[in-house]
Amino acid sequence: MRRLTSLLAAAALAASAGTAAAAVPGAPARPTVAEGAGARAAATPAPLAGRTIVIDPGHQLGNSRFPKRINRLVDAGGLRKPCNTTGTATASGFAEATFAWRVATRLRDALQAQGATVVMTRSLNSRHRWGPCVDVRGRIGNKGYRGRSRAADLKISIHGDGAARSGRGFHVIVTKKRGTVVRSLRLGRLTRAALDDAGFRRSTYTAGGRGIVRRSDLGTLNLSRIPTVMVELGNMRNPRDARTMRSSAGQRRYAQALAAAARRALQP
Ligand SMILES: [Zn+2]
């Protein structure tokens, strides 16, 4: 609905600009700044128009209140694992679920502004809700799942890590399983490059400084049939990372970097 509204607003703006131009036939060809900007906007189609991107904000804020549902074993792609986990938190109690949600909603807005259709694996961040499970998170966006006639173009799963206090930095996780591995690895490299460019440091405690890890034990990655990355954007137990992850400015920088990665991955 939000996207439809913004599209309608853009259409109305374009229509009124057209009407204004048509109303002054023979007027001197001296474009105002507004007209120039309008012409440029019209000449540049939204770069992600026609693309569908799945954003998976890790965990759900209420998971810890529903242990039975969260601990139920589900298919995680060749193994069975708990439906989900509670996620981690900073030392001051800022939850990973909320961090992931805030980065995800900023990322959603940035991608929609570029014309993309965005599918979120959860629609709210609530203490009174749980899930979805990792099997659902993994399959959302696949062709045929929930009646989807066409596969989504890519998926980004957003997390914060809960490692030893001394380690900091981001790492990108890519599947080891055959299928989407080549395209997911490409997306992983572009995501790492975008986070590098945004000034975030690579993990000091895993991935040997390469910033990318390949794993075969994550349902979110194993069950996805589209290029997918999971990002651990920082270590929430590390005070410096935690400060960045708690701040609006930090959340915005993470989202902008992920939007840049998606755009680079999808540009022709
Ligand atoms: Zn997580």
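Data overview
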| quantity | calculated |
| --- | --- |
| Normalised contact order of the range 52-266, rounded percent, pairs of Cα under 8 Å and 6 or more residues apart | 28 |
| Cα gyration tensor shape for the range 42-88, rounded if a/c is under 1.5, else prolate or oblate | prolate |
| Gyration tensor (alpha-carbon) shape descriptor, the range 213-268, a/c threshold 1.5 | oblate |
| Prolate/oblate/rounded call for the range 52-266, Cα gyration tensor, a/c under 1.5 rounded | rounded |
| Contour excess over end-to-end distance, with Cα ends at Tyr145 and Ala193 and 0.36 nm allotted per residue | 14.2 nm |
| Sorted by Cβ neighbour density within 10 Å, fewest at the top, the residues His128, His59 | His128, His59 |
| Distant-in-sequence amide H partners of Ala89 (H built 1.01 Å from N, under 5 Å) | Glu96 |
| Order of Lys176, Lys68, Lys155 under a 10 Å beta carbon neighbour criterion, fewest first | Lys68, Lys176, Lys155 |
| Over 20 Å (Cα to Cα) - which of Lys68/Lys143; Lys68/Lys176; Lys143/Lys177 fall in this group | Lys68/Lys143; Lys68/Lys176 |
| Whole-Å distance, taken between Cα centres, linking the range 206-268 and the range 73-109 | 12 |
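The numbers here are math on the coordinates, done by the rules we state, and not lab data. Keep in mind that what you see is a predicted model, and the values were worked out from it rather than measured. Please note: Cβ atoms are built from the backbone with ideal geometry, for glycine as well, and neighbour counts cover all protein chains shown.
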